[in-house]
1. State whether one or more residues within the range 48-55 are crowded, with 19+ Cβ neighbours inside 10 Å, modelled with pLDDT under 90 and within 21 Å of V124 (Cα to Cα).
2. Which one is surrounded by the most Cβ atoms within 10 Å (Cβ to Cβ), of the residues in the range 122-134 that are within 17 Å of the chain's Cα centre (by Cα) and under 12 Å from N104 (Cα atoms)?
3. Any idea how many residues of the range 35-81 are under 21 Å from T105 (Cα atoms) and free of Cβ contacts under 8 Å to residues at least 12 places away in the same chain?
4. Would you check if A101 is surrounded by 18 or more Cβ atoms within 10 Å (Cβ to Cβ) and part of a helix (DSSP H, G or I)?
5. Give the range 138-160 a look and list any residue that's open to solvent by 70 Å² or more (accessible area, probe 1.4 Å) and either hydrophobic (A, V, I, L, M, F, W, C) or touching a Gly at 6+ places or on another chain (Cβ under 7 Å) (or both), or say none.
Amino acid sequence: MMPTDALRASRLSAIGKANETEIQNVLDNWRDARSLEPLVVRPVAGERNAFEVIAGVERWYAARRAHVREVPVILHEASDDEAIRLAMSMRLKRGPMSPLAEANTYLSLMSEAHMSTEQVARLVGKPPAHIATMVRVLNLPRSVRQMLERGEITALHARALLDAP
């Protein structure tokens, strides 16, 4: 158990973004079950008794919102690359996300954690071609990405448009 005041959102931009819907879902689930899944944290370099939330930032925000003083944690010594890999793989395993969020997660793993398409594919259990194609979807015109985000077209439609002029 660790005091919520000793924790902070990760300084790694891809991990520290909290999703308001997920925070509310965590609050609702916590109120029903009265238990909180452990957060994965790592020590903040150069600071005593300060820890970064690698995975579970929405649970941490929810706990703070519910005025919970201590939360269960798993302490993990991790480099920046390891922290990104862990956070992103947990994000992908959490459940459904929009095709653009999925593509951005793959791109983050490739650019911020310096992983190859094949490494990302192994990490998330998908074919390398799927990873590469989803990342390419981010290069579609903004209007097409907006249609995808609004659900007007599917990821399959978007992928079919990749080779269109």
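The values are calculated or read from the model by the stated rules, or taken from the named source; none is laboratory data. What you are looking at is a predicted structure, and each value in this text was computed from that prediction instead of being measured. Cβ sites come from the backbone with ideal geometry, for glycine too, and all protein chains shown count toward neighbours. Heads up: the accessible areas ignore ligands, DNA and RNA and are worked out on the full protein's heavy atoms, side chains in. Shrake-Rupley method; radii C 1.70, N 1.55, O 1.52, S 1.80 Å.
1. Yes, that holds for at least one residue.
2. Among them, the one singled out is I131.
3. 1
4. Details: surrounded by 18 or more Cβ atoms within 10 Å (Cβ to Cβ): no; part of a helix (DSSP H, G or I): yes.
No; evaluated as a whole, the condition is false for this residue.
5. Passing the criteria: L156, A160.
Residue-wise test of (1) of a type outside the set (S, T, N, Q); (2) surrounded by 15 or more Cβ atoms within 10 Å (Cβ to Cβ); (3) out of contact with any Asp or Glu (no Cβ under 8 Å at 6 or more places or on another chain).
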site: V71; (1), (2), (3): yes, yes, yes
site: A113; (1), (2), (3): yes, yes, no
site: V120; (1), (2), (3): yes, yes, yes
site: R136; (1), (2), (3): yes, no, yes
